[in-house]
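Heads up, the thing below is written out as structure tokens.
The values are calculated or read from the model by the stated rules, or taken from the named source; none is laboratory data. Please read these numbers as outputs of a predicted model, since none were measured by experiment. Glycine also receives a Cβ, built like all others from the backbone with ideal geometry; neighbour counts cover every protein chain displayed.
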Amino acid sequence: MAILIDPPVWPAHGTVFSHLVSDSSLVELRDFADAAGLPAGAFDEDHYDVPERRYAEMLALGARPVDGGTLVRALIRSGLRVPARERGKALFTPLLHRWSMLLPGHAPLGVELLERWAEPHRRYHTRAHLLTVLEALERIAGETPAEASRAVVLAAWFHDAVYTAAPGRPGQDEEDSARLAEDRLAGAGLPHAEVAEVARLVRLTAGHAPEAHDAGGRLLCDADLSVLGRDPRGYHRYTVQVREEYAHVADDQFREGRAAVVEHLLGLDPLFHTERARELWLRPARENLGHELSRLRGGGPLDHPLGHAAAQARHVGGARSAL
């Protein structure tokens, strides 16, 4: 395990910056940054930005100087690098364009939602997750776009619009998100029946258990759970990000809550409800969840460079979806 820093050559705000990373653990990186007195605002997804005036100080504290290429390669090997398309700051414009196509004439509401999705306490439930869900909906709707009605897509926009990362409140964020949808969409003049359907779908994401006849619910729940079927590095990155959202929860409590969540997900039958989602994500999802549960029950570390390690919990103590 090592803290790495590249030369201060990246210009911004009238100076130049270095990138500070860990080659194995965001926990290690945060501990180093806290000890060095780096502000929380200097953290950017997978690294800290360090101004040139503090470069020598980082070296004195034990950061190892490397060139930029070596730093990037180490970050990639660690599984912690956040790809460009998952960086929330870059997604505002393309997501706002999607919103404008979905609900023309209501740009201020789209901006409000995007600001909610970019709240500073979020690490996984960000604009990148919103885009992933929207793209997953498009993939599994196939040649039947009528199933992916406007209500389903609106529900994707609202389903984590309220996200507190507070333990002990199972289902409350979904309920608050549904109420937000009811208020904002009614104010936008949408028909009462459509507003009610959006709110119903948002509430459904608390348990991801739609009825067999619920086409819209099946699509939304499958899209929301699509993250479980990522490749191993992507799945690891996801769990690290959600662990970061629950940094205020002690490891033992977090491990217990997350293990219950994983067992709940593994017990869902079906885990995915549409045929296309099962084809795309079922096998890797079960492998990812199985590896993670083994690590959790075996007392493995919560932040490990190459495993399915950084356990997460949507609500500690509740055996429910962490999404």
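Among the numbered criteria (1) in contact with a Gly (Cβ under 9 Å, 6 or more places away or on another chain); (2) touching a residue at least 40 places away in the same chain (Cβ under 8 Å); (3) surrounded by fewer than 21 Cβ atoms within 10 Å (Cβ to Cβ), which one does Asp6 miss?
Every listed condition holds for Asp6 apart from (3).
Quick check on my filter: what residues within the stretch 277-293 are modelled with pLDDT of 95 or more and either of a type in the set (D, E, K, R) or under 23 Å from Gly142 (Cα atoms) (or both)?
Listed by number, the residues that qualify are Ala277, Arg278, Glu279, Leu280, Trp281, Leu282, Arg283, Pro284, Ala285, Arg286, Glu287.
Please give the helices (runs of 4 or more DSSP H) falling wholly within the stretch 221-305 in which 1 or more residues are of a type in the set (Val, Ile, Thr) and under 22 Å from Leu80 (Cα atoms).
232-245, 251-267
If you check Gly207 against the conditions, is it under 21 Å from the mean Cα position of the chain (by Cα), among the small types (Gly, Ala, Ser), within 30 Å of Ser25 (Cα to Cα) and surrounded by fewer than 23 Cβ atoms within 10 Å (Cβ to Cβ)?
no
Restricting attention to the stretch 18-37, and to residues there that are closer than 28 Å to His248 by Cβ and outside any helix (DSSP H, G or I), which single residue is nearest to the chain's Cα centre (by Cα)?
The selected residue is Ser25.
Return the total of residues in the stretch 38-60 being at pLDDT below 95 and small (Gly, Ala, Ser).
Here the count works out to 3.
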